[in-house]
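For reference, the structure is listed below as structure tokens.
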Amino acid sequence: MEPTFKFHFKRDKLSLQMYMSSCALDEVLNGRSLNLFLDNLDHNIRPSVQSLTFHALRNLGWANFVGNYLIKSYPNGIFRSLFLLSLTLLKFSSFSGKNLDLQVPVYRDFTIVNESVKVAKSIPFLRPYKGLLNASLRSFLRGSSEISILAKKSSQAIWNYPEWWIEKIKTNYPNRWIEILSCTDIQAPLTLRVNIKNSNRDNVLNLFNDNGIEAKAFGFNGIVLEKSYSVKELPGFQQGMWSVQDPGAQLAAPLLCVRDGMNVLDACAAPGGKTSHLLELADIDLVALDSNRSRLGRLQENLDRLNLYSNNIKIIEGDAKQIGQWWDGKLFDIILADVPCTASGIVRKHPDIRWIKKNDDIESFRLIQSSIIDSLWNTLAPGGRFLYSTCSIFPEECVYQVLLFLEKHNDALLLDSPGQILPARSNVLTVGHDGFFFALFTKVKT
């Protein structure tokens, strides 16, 4: 999504990155997904814009508090976003002496102010407000100590989440709420799952080592990289030797105990992380279902890259709630229902989620989830396994759904399951992971 007018700054300068990041931040503040904006950027500028925007979003509660303190009314949305972005950079500038987000360089405070004002000078609709921008940023630098004290009285400024989200986490996890809210401050490490039909973990680790890439094993077939890389440039990507997948998400497919010849449904399958994992574990007949055509295209691309696509796989565009539109009547031995949700468990990797989602969205998703699993249950064979999965940490989408499902279906038996997995930081001993929920059922004869 490139601007249509002529810039007065060079493409490799911080000012351009700041302007594009301000546009991205404005999209989020208007309730739109960040990915929709980033996907339209030139690949040369996307990494820097994404890093700046992620940094701003992880500190947006604090920036909103400070911004409202310094400026009572913003002249337009892009000015607001540019100002808030600049504040988050100043928060961790050389002026403050620290930066927790290692994806973003530490800039000198005067560099941040100068580059921000340069953006305002270069953009026609921002030019009249360059003086306001300059004065406000310098006011922050002069009064940062006083402002920091005031900010400590605001829960949004402290935790960088909306108030309703903070209160919800406090209520549901009274002993762990601080850990949950704070573990999303830093960019998640890059974690991979080895495609065991195409390679093995030792081979991939040796390949990385030969190319000077520091990596270590975790779990059954997982690998975590010590640094961030452009995924497509890593060795083994084009050869389909591995996929990117969170450690928590890697738990899903093994729970289903797939065996050769089974008839399997992966509902809400795109973009295919769990689909490919199922195919790596056994030679199965698989239906990959999703209602989003473009995301199904990505699923097909992933299966092709991993050399997993075959005639035993059907990729179908359809609504999981409307089984009459796509189901041929043959019962499934295995069903994976990775249902749509608020994605409240994956804000570490998608920091825009906390600012896009609203409290009312939880009930909307809960109704969709309930309808999906009630419908899909009719397609499961007796004795079959059914995995209900979300990337949420809100109980309404997780344990409450399980209790309601069991109440409605007397032929459903809950098996040993991970249940609620809460987000966790990486440390010396363990690989961090996002938040997920897994409930495994089997259908019994009544």
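The values are calculated or read from the model by the stated rules, or taken from the named source; none is laboratory data. The model shown is predicted, which means the values in this text are computed figures rather than measured ones. Note that each Cβ is placed from the backbone with ideal geometry, even for glycine, and that neighbours are counted across all protein chains shown.
Each residue in region 204-260 was checked for being aromatic (Phe, Trp, Tyr) and over 28 Å from Ser417 (Cβ atoms), and 3 of them qualify.
Table: residues versus (1) part of a strand (DSSP E or B); (2) within 13 Å of the chain's Cα centre (by Cα).
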| site | (1), (2) |
| --- | --- |
| Val347 | no, yes |
| Arg354 | no, yes |
| Phe365 | no, no |
| Ser370 | no, no |
| Ile373 | no, no |
| Ala381 | yes, no |
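Looking for something assigned by TED's automatic domain parsing to the domain that holds Trp377, among the polar types (S, T, N, Q) and either in a helix (DSSP H, G or I) or closer than 20 Å to Gly261 by Cβ (or both) - is there at least one such residue anywhere in region 299-306?
Just the residues of region 299-306 that are assigned by TED's automatic domain parsing to the domain that holds Trp377, to begin with: 299-306.
Of the ones still in play, those that are also among the polar types (S, T, N, Q) are 300, 302.
From what's left, either in a helix (DSSP H, G or I) or closer than 20 Å to Gly261 by Cβ (or both): 300, 302.
The answer is yes, given that some residue of region 299-306 is assigned by TED's automatic domain parsing to the domain that holds Trp377, among the polar types (S, T, N, Q) and either in a helix (DSSP H, G or I) or closer than 20 Å to Gly261 by Cβ (or both).
Listed by first and then second residue, the pairs linking a residue in region 430-446 that is closer than 22 Å to Gly222 by Cβ to a residue that is aromatic (Phe, Trp, Tyr) and part of a strand (DSSP E or B), with Cβ atoms under 9 Å apart and 6 or more places separating them unless they lie on different chains, are Thr430/Phe218; Val431/Phe218; Phe437/Tyr388; Phe438/Tyr388; Leu440/Phe386; Leu440/Tyr388.
If I filter region 174-187 for residues that are under 29 Å from the mean Cα position of the chain (by Cα), part of a helix (DSSP H, G or I) and among the small types (Gly, Ala, Ser), do I get at least one hit? Full working, then the answer.
Quick first cut of region 174-187, residues under 29 Å from the mean Cα position of the chain (by Cα) only: 174-187.
Retained after the next criterion (residues that are part of a helix (DSSP H, G or I)): 177-182.
Filter again for among the small types (Gly, Ala, Ser), leaving 182.
Yes.
Residue-level analysis places Ala320 among those that are touching a helix residue (DSSP H, G or I) at 6+ places or on another chain (Cβ under 8 Å), modelled with pLDDT of 95 or more, within 16 Å of Asn378 (Cα to Cα) and among the aliphatic types (A, V, I, L, M). Residue count for region 361-392 satisfying the condition of being touching a Leu at 6+ places or on another chain (Cβ under 6 Å) and under 19 Å from Glu167 (Cβ atoms): 0.
Considering only residues that are closer than 19 Å to Leu265 by Cβ and either modelled with pLDDT under 95 or of a type in the set (D, E, K, R) (or both), look in region 326-359 and name the one that is surrounded by the fewest Cβ atoms within 10 Å (Cβ to Cβ). Step through it out loud before you land on a result.
As a first pass, look at region 326-359 and keep what is closer than 19 Å to Leu265 by Cβ: 326-341.
From the residues that got through so far, the ones that are either modelled with pLDDT under 95 or of a type in the set (D, E, K, R) (or both) too are 328, 330, 333, 338.
Working: Asp328: 7, Lys330: 10, Asp333: 19, Asp338: 23.
Ranking the candidates gives Asp328 first.
When Phe37, Phe79 are checked against the criterion of being outside the structural domain of Glu233 (by TED's automatic domain parsing) and touching a Phe, Trp or Tyr at 6+ places or on another chain (Cβ under 8 Å), Phe79 stands alone in meeting it. Scanning region 360-385 for residues that are surrounded by 19 or more Cβ atoms within 10 Å (Cβ to Cβ) and of a type in the set (Gly, Ala, Ser) yields a single hit, Gly384. Could you give every pair whose Cβ atoms fall below 6 Å, whose first residue belongs to region 124-141 and is within 14 Å of Tyr69 (Cα to Cα), and whose second residue is in a loop (DSSP other than H, G, I, E, B) and among the aliphatic types (A, V, I, L, M), counting only separations of at least 6 or pairs across chains? From region 124-141, the pairs are Ser136/Ile71. Evaluated against (1) surrounded by fewer than 19 Cβ atoms within 10 Å (Cβ to Cβ); (2) within 23 Å of Leu440 (Cα to Cα); (3) in contact with a helix residue (DSSP H, G or I) (Cβ under 8 Å, 6 or more places away or on another chain), Gly272 falls short on exactly one condition, (1). Scanning region 160-183 for residues that are basic (Lys, Arg) and crowded, with 20+ Cβ neighbours inside 10 Å turns up just one, Lys168. Taking the criterion of being at pLDDT 95 or above, part of a loop (DSSP other than H, G, I, E, B) and under 17 Å from Leu85 (Cα atoms), would at least one residue in region 124-145 satisfy it? Within region 124-145 (the criterion being at pLDDT 95 or above, part of a loop (DSSP other than H, G, I, E, B) and under 17 Å from Leu85 (Cα atoms)), the answer is yes, since at least one residue qualifies.
Which ranges mark the strands (runs of 3 or more DSSP E) fully within region 195-261 that have 2 or more residues being touching a residue at least 24 places away in the same chain (Cβ under 8 Å) and either touching a helix residue (DSSP H, G or I) at 6+ places or on another chain (Cβ under 8 Å) or surrounded by 13 or more Cβ atoms within 10 Å (Cβ to Cβ) (or both)?
Details: elements: 215-218, 222-225, 242-244.
Result: 222-225, 242-244.
For Val106, the criteria (1) surrounded by fewer than 15 Cβ atoms within 10 Å (Cβ to Cβ); (2) under 26 Å from the mean Cα position of the chain (by Cα); (3) on the phi < 0 side of the Ramachandran plot hold in every case but one, which is (1).
Close contacts from region 379-396, counting a first residue that is assigned by TED's automatic domain parsing to the domain that holds His433 and at pLDDT 95 or above and a second that is among the hydroxyl-bearing types (Ser, Thr, Tyr) and crowded, with 21+ Cβ neighbours inside 10 Å, with Cβ to Cβ under 8 Å and a gap of 6+ residues or different chains, come to Cys391/Ser344; Ser392/Thr342; Ser392/Ser344; Ile393/Ser344; Phe394/Thr342; Phe394/Ser344.
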